[in-house]
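Any read-out appearing in this document is the output of simple, stated calculations on the displayed coordinates, not a laboratory observation. Nothing here was measured: the structure is a model prediction, and the numbers come from that model. Cβ placement follows ideal geometry from the backbone for every residue including glycine, while neighbour counts extend to all protein chains displayed.
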Ligand code: GLU
C-alpha cells in the first residue's frame with residue numbers, strides 16, 4: 001500500500017495527462033484542476049459519557065458548471081482536506097462522463113464510526129448537517145453516502161436540514177431509505193455499474209464475462225454487490241478481502257454467503273466456503289481475468305503494479321491506483337476501467353432519486369436498473385469512441401478527454417460574467433474567481449436563434 005500519493009495531486013496529474021488531447025487552453029485547464037471552495041469546520045459533540053469530543057469535517061465544492069455540486073460524505077479516520085478535494089473533483093468528471101447533469105462535491109468527517117455509539121454518530125451527523133445547511137440545497141449541493149455512511153446517516157442529515165429550513169425537501173440529499181424518499185436500487189447501484197463496466201470492457205476485447213475469474217479487494221457495499229452481480233452473470237469470484245485479510249477458493253466463492261458471513265461476524269475471515277487464507281497483497285497479484293479494487297485510494301502503487309497479473313482492473317473504489325501504477329500498467333498493456341465510469345452507478349441512481357424526489361413520483365426497481373444500464377453502457381461507448389478515434393494511451397485518459405470537454409463546453413457556453421459579485425448573487429453561481437472577464441481559451445459558442 002502506498003501511503004505517499006496525495007490524492008489531490010493524483011487527480012491533477014490525471015487531468016494534466018488528458019489535457020494534451022482535449023484542445024482546451026491551459027488557463028481553462030488550470031481552473032478545472034482546483035475546487036471552487038472548501039468548507040472546513042470543527043464539530044464539537046457530546047459523547048454518551050457526558051464529555052465533549054471535537055472532529056474535523058470538510059465539504060469541497062469542486063465545480064458547478066454542469067449543475068449543482070453532487071457527491072458523498074465519508075466517515076473515516078483518514079479523512080483530510082486534500083482527500084476530500086480530490087474526491088470532489090473525481091465527482092465532477094464522473095458526472096460529466098456519464099452525462100448526469102451535476103457538478104461535483106464531496107465531504108467527510110475525520111472519525112472512526114466503529115469507535116462510537118449510534119447516538120454519538122447521530123449527534124455528529126446532525127452537527128455536520130447544521131454546518132452544511134447554508135451551502136447545500138436541492139439546486140445547490142446534494143450530498144449522498146460514501147465510505148461508512150448509508151441510509152441512516154442520509155436520513156439524519158435530511159431531517160436536520162428540513163427541520164431547520166421548516167420545509168420538506170427530500171431531494172436535498174440522496175441515498176435515503178425508500179420510506180424516507182430514497183430510490184429503489186440505490187444501495188446496489190455502485191456494484192451493478194462495476195458489473196456493467198466489466199461486462200462491456202470484456203466484450204469490447206472480444207471476451208465473455210461468463211467464466212471470467214475475478215478477485216475483489218474490499219467487501220463493503222461496492223465490493224460485495226459488484227462480486228454478487230458478477231457472480232450472477234456467470235463470473236467466478238475466486239478471492240475477496242476486507243481489512244482483516246483475504247480468502248481464496250480457486251473453484252469460486254459463494255459471494256452471497258460470504259457477505260452474510262461478514263455481516264454476522266464482522267469480517268470475511270473463517271468463511272467456510274474458502275479453501276485458503278491469503279494476504280491482501282496476494283489477492284491483488286492473483287492471476288485472474290479481472291481485479292477489482294473496491295476499498296480506498298492508493299491501494300496499488302507503482303511497485304505493486306509491476307507484480308499485477310490480472311488482464312484487467314476495474315476500479316470500484318475512487319482513486320485506488322496511483323499515477324505511478326497507471327504508468328506501469330499502461331506499459332504492461334493491462335486495461336484499467338477507470339473509477340469515474342466503473343463506480344458511477346451510485347451517483348447515477350442518486351440522480352434518479354433526485355428526479356423522483358422533485359417529481360414526487362417514484363419508479364419501480366426494474367426501471368431504475370434498466371435506466372442505469374443504459375447510462376453506464378453509453379458512458380463506456382463514449383469513452384471507447386474517444387480512445388479509438390484519438391488513439392489515446394489508456395482508458396482513463398479517454399474518460400478524462402470526454403469529461404473535460406463536457407465541463408469546459410458548459411463553462412464556455414455560460415458566457416462572460418464581467419461584473420463584480422454582489423451579495424444578492426445566488427451563492428451557487430458565485431465562482432471562485434469573482435471577476436470573470438473572459439471564457440479563456442475555449443472556443444466561444446454561437447447559438448442559433450429562432
Ligand atoms: N459516494 C458515491 C461516489 O463516490 C456516490 C455519490 C452520490 O451518489 O452522489 O460516487
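Odds and ends about this structure:
- When the convex hull of its Cα atoms is projected in every direction, mean area for the stretch 10-136 (nm²): 8.4
- For the chain, the antiparallel share of DSSP beta bridges with both residues in that region comes to about 50%.
- Mean Cβ neighbour count within 10 Å, used as a protection proxy, ranking 276-288, 223-235, 259-271, 88-100 highest first: 88-100, 223-235, 276-288, 259-271
- Length-normalised contact order of the chain in % [C-alpha pairs under 8 Å, at least 6 apart]: 17
- When peptides 126-135, 206-215 are sorted by average Cβ neighbour count within 10 Å, with the highest value leading, the order is 126-135, 206-215.
- Helix-only mean residue ellipticity at 222 nm for the chain, each DSSP H run of n ≥ 4 adding -39500 (n - 2.57), per residue, nearest 500: -13000 deg cm²/dmol
- Contact order relative to length of the stretch 140-297, as percent, for alpha carbon pairs under 8 angstrom and 6 or more apart: 19
- Packing rank of 191-201, 174-184, 300-310, where each peptide gets the mean count of other beta carbons within 10 Å, highest leading: 191-201, 174-184, 300-310
- Whether the chain is rounded, prolate or oblate, judged on the alpha carbon gyration tensor where a/c under 1.5 counts as rounded: oblate
- Kirkwood Rh, angstrom, the stretch 208-311 [1 / mean 1/r, Cα pairs]: 13.3
- For the stretch 308-400, the relative contact order is 30 percent, taking Cα pairs closer than 8 Å that sit 6 or more residues apart in sequence and dividing their mean separation by the residue count.
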